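Please read the structure below before turning to the comments.
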């Protein structure tokens, strides 16, 4: 019972503590504009969970979702948290869900843990299988 309460509390806190993503951040990610990165990303916000529609994402997860290669690399270079959980998932889980084997490989090379699990026990490999992302499945098996 305590574990269930703790898990629910963590999810609620994560969602409630998520900030709105600014228009400037959205444009940086959408247009893969690494030039504005230093103006918009700091040590204080690099690992923040941001609300986007009904979900919450870290900047690393959003760069994966939007296939922003330059911003993704800058986040890796600036040591974004590879295990940051937003909306219950790590960046590697988002890479698996969206089928981005290139980003998944870079995350693993930089130390992301492929064995990390959600509250329900799902791993990045489980997401790759669920969404039938064969390239990522091969990488994670």
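The values are calculated or read from the model by the stated rules, or taken from the named source; none is laboratory data. This is a predicted model, so every value here is computed, not measured. Note: ideal-geometry Cβ built from the backbone for every residue, glycine included; neighbour counts use all protein chains shown.
Is it the case that some residue within segment 119-130 is within 24 Å of residue 19 (Cβ to Cβ) and either out of contact with any strand residue (DSSP E or B) (no Cβ under 9 Å at 6 or more places or on another chain) or at pLDDT 95 or above (or both)?
If we filter segment 119-130 for residues that are within 24 Å of residue 19 (Cβ to Cβ), which is where we start, we get 119.
Checking which are either out of contact with any strand residue (DSSP E or B) (no Cβ under 9 Å at 6 or more places or on another chain) or at pLDDT 95 or above (or both) leaves us with 119.
Within segment 119-130, one or more residues are within 24 Å of residue 19 (Cβ to Cβ) and either out of contact with any strand residue (DSSP E or B) (no Cβ under 9 Å at 6 or more places or on another chain) or at pLDDT 95 or above (or both).
Residues that are under 18 Å from residue 57 (Cα atoms): find the helices (runs of 4 or more DSSP H) completely inside segment 90-141 holding 1 or more of those.
On the way: elements: 91-98, 101-109, 124-130, 134-140.
Answer list for segment 90-141: 91-98, 101-109, 124-130.
Confirm whether residue 55 is surrounded by fewer than 20 Cβ atoms within 10 Å (Cβ to Cβ), within 21 Å of residue 112 (Cβ to Cβ) and in contact with a strand residue (DSSP E or B) (Cβ under 9 Å, 6 or more places away or on another chain).
Values: surrounded by fewer than 20 Cβ atoms within 10 Å (Cβ to Cβ): yes; within 21 Å of residue 112 (Cβ to Cβ): yes; in contact with a strand residue (DSSP E or B) (Cβ under 9 Å, 6 or more places away or on another chain): yes.
Judged against the criteria, residue 55 is a match.
Assigned to a helix (DSSP H, G or I), touching a helix residue (DSSP H, G or I) at 6+ places or on another chain (Cβ under 7 Å), under 16 Å from residue 26 (Cα atoms) and at pLDDT 95 or above: does that describe residue 64?
So residue 64 fits the description; yes.
Looking at the structure I just gave you, is residue 106 within 19 Å of residue 49 (Cβ to Cβ) and surrounded by 15 or more Cβ atoms within 10 Å (Cβ to Cβ)? Give the steps one after another, and end with the answer.
Values: within 19 Å of residue 49 (Cβ to Cβ): no; surrounded by 15 or more Cβ atoms within 10 Å (Cβ to Cβ): yes.
The answer is no for residue 106.
Find all pairs meeting these conditions: Cβ atoms under 6 angstrom apart; at least six residues apart or on different chains; first residue within segment 100-119 and within 17 Å of residue 87 (Cα to Cα); second residue assigned to a helix (DSSP H, G or I) and modelled with pLDDT under 95.
Qualifying pairs under 6 Å: 119/7.
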